[in-house]
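Can you read through this structure? Questions will come right after.
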Amino acid sequence: MSNFPVINFERLNGEERKDTMEKIKDACENWGFFELVNHGIPHDLLDTVERLTKEHYQKCMEERFKELMASKGLEAIQTEVKDMDWESTFHLRHLPESNISEVPDLVDEYRKVMKDFALRLEKLAEQLLDLLCENLGLEKGYLKKAFYGSRGPTFGTKVANYPPCPNPELVKGLRPHTDAGGIILLFQDDKVSGLQLLKDDQWVDVPPMRHSIVVNIGDQLEVITNGKYKSVEHRVIAQTDGTRMSIASFYNPGSDAVIYPAPELLEKEAEEKAQLYPKFVFEDYMKLYAKLKFQAKEPRFEAFKASNFDPIATA
């Protein structure tokens, strides 16, 4: 199997731009994931985010997690657990409006640093969407506009820690799923591994790399590209040693954005492939996803095909 795609973002500015764009295209079409290095987010900021995230977990969440797992009897399980994940999480919202000031237990430095980090990730996500537009032959800004809705995109962060697990063969850190949203940017632990994606029916490790950002395609980009780019199933394997940090930021459509395959891409497709995906309001998709997250994505798409939302003209 070919190596996991690693993209050097700096090379977009020089003679290697064409090759780099081709690598991004290949990663989007064949992996649904790639790892970005030299992405422009300062390494010292990433180090501070990591330090404060780990300090916050140890101070505010670690004991709570142990008590929760003990209360559910998960430390002494004998059979596979299929309805829970071995993870400790909290969520931050950045757009359309931030909730960082309201999230309890965060020290002021952490709030300030996460706001700065989120702004840089937002800018990087929009740069990436425009690169995808370029590779797809869509006008610059098309994907950002498709996500916009009436109030702009939604953008939020899931901060997760995956503590050591006594029975990793019986409980997943995070069960297999695809991501519902648009484009996802992950800053992950560079020492403790665990993230895997499904490629050609085999689970493949997403290699931990210091100061990299892992990018993956969500369900909404699969719909807008009419399946040219696909969201890919992934999971987190719990480990017996070490706590794995994962900071995943989701640049998603606005709640009232109407999502459908880009007409320009449909015109390029052969007749038999004309329109494979439905048209829906993003918020409606998220309501369905909340119930079916850990199931195959195809029935979610089919459910909207079966509904009576106005079809798109494909002519």
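Within the stretch 180-194, count every residue that is under 27 Å from residue 51 (Cα atoms), open to solvent by less than 10 Å² (accessible area, probe 1.4 Å) and under 15 Å from the mean Cα position of the chain (by Cα).
Looking only at that region, the number is 5.
So which of 172, 158 is of a type in the set (Lys, Arg) and not in a loop (DSSP other than H, G, I, E, B)?
After applying the criteria, what remains is 158.
Something else now. Collect the residues in the stretch 219-234 that are within 27 Å of residue 168 (Cβ to Cβ) and either open to solvent by less than 10 Å² (accessible area, probe 1.4 Å) or among the aliphatic types (A, V, I, L, M) (or both), keeping them in residue-number order.
231, 232
When both residues are 6+ apart or on different chains and their Cβ atoms are under 6 Å apart, which pairs have a first residue that lies in the stretch 87-100 and is in contact (Cβ under 8 Å) with a residue 60 or more places away in the chain, and a second that is open to solvent by 40 Å² or more (accessible area, probe 1.4 Å)?
Close Cβ pairs satisfying both conditions: 96/151.
Any chance you could count how many residues in the stretch 127-155 are more than 21 Å from residue 180 (Cα to Cα), open to solvent by 70 Å² or more (accessible area, probe 1.4 Å) and either part of a loop (DSSP other than H, G, I, E, B) or touching a His at 6+ places or on another chain (Cβ under 9 Å) (or both)?
2
Mind checking which residues of the stretch 240-277 are open to solvent by 50 Å² or more (accessible area, probe 1.4 Å) and either of a type in the set (Val, Ile, Thr) or part of a loop (DSSP other than H, G, I, E, B) (or both)?
Listed by number, the residues that qualify are 240, 241, 255, 256, 258, 260, 275, 276.
Being open to solvent by 10 Å² or more (accessible area, probe 1.4 Å), under 25 Å from residue 89 (Cα atoms), in contact with a strand residue (DSSP E or B) (Cβ under 8 Å, 6 or more places away or on another chain) and modelled with pLDDT of 95 or more: is that true of residue 237 here?
When the stated conditions are applied, residue 237 passes them.
Look at residue 80 and say whether it is acidic (Asp, Glu), part of a helix (DSSP H, G or I) and surrounded by fewer than 17 Cβ atoms within 10 Å (Cβ to Cβ).
Values: acidic (Asp, Glu): yes; part of a helix (DSSP H, G or I): no; surrounded by fewer than 17 Cβ atoms within 10 Å (Cβ to Cβ): yes.
Answer is no for this residue.
The values are calculated or read from the model by the stated rules, or taken from the named source; none is laboratory data. These numbers come from a predicted model, not from an experiment. Positions of Cβ are backbone-derived with ideal geometry, glycine not excepted, and every protein chain shown enters the neighbour counts. What goes into the accessible areas is simple: the full protein's heavy atoms, side chains included, and nothing from ligands, DNA or RNA. Shrake-Rupley method; radii C 1.70, N 1.55, O 1.52, S 1.80 Å.
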